[in-house]
Amino acid sequence: MPSADELSALLHAELAERLAGAYQLIAELTGQAQRLQARMEELERQVRGDSPDSSRPPSSDSPYKKEAAGPVAAGAGEAAAGQAARRARHHHGARG
């Protein structure tokens with residue numbers, strides 16, 4: 001970045017050219033910042049959203065965000081029942 005002394009030594013035409021370039025760069029960076037802001041907002045909506053308002057499948061919804069308790073995940077009850085049966089067999093001396 002040029003100092004004030006360096007800029008004062010430039011001819012009027014050179015200053016005008018540099019100023020125009022600076023304005024063009026500002027416009028490009030402003031547009032890029034606006035696009036990035038919109039993209040960030042879109043990604044934040046996707047992260048916050050559950051399956052009804054996003055492209056995510058229901059299985060990816062957090063079980064902790066639900067107000068009402070939903071059905072137990074398929075197979076969870078079967079796994080717990082199998083574990084209880086193994087404990088009972090082991091406790092009674094049977095191996096399985």
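The values are calculated or read from the model by the stated rules, or taken from the named source; none is laboratory data. These figures come from a predicted structure and were not determined experimentally. Backbone-built Cβ (ideal geometry, glycine too); neighbour counts: all protein chains shown.
Given the condition surrounded by 10 or more Cβ atoms within 10 Å (Cβ to Cβ) and at pLDDT 85 or above, answer yes or no: does some residue in region 48-61 qualify?
Yes, there is a match, as at least one residue in region 48-61 is surrounded by 10 or more Cβ atoms within 10 Å (Cβ to Cβ) and at pLDDT 85 or above.
Return a yes/no flag: does region 15-31 have any residue that is in a loop (DSSP other than H, G, I, E, B) and modelled with pLDDT of 85 or more.
Within region 15-31 (the criterion being in a loop (DSSP other than H, G, I, E, B) and modelled with pLDDT of 85 or more), the answer is no, since none of the residues qualifies.
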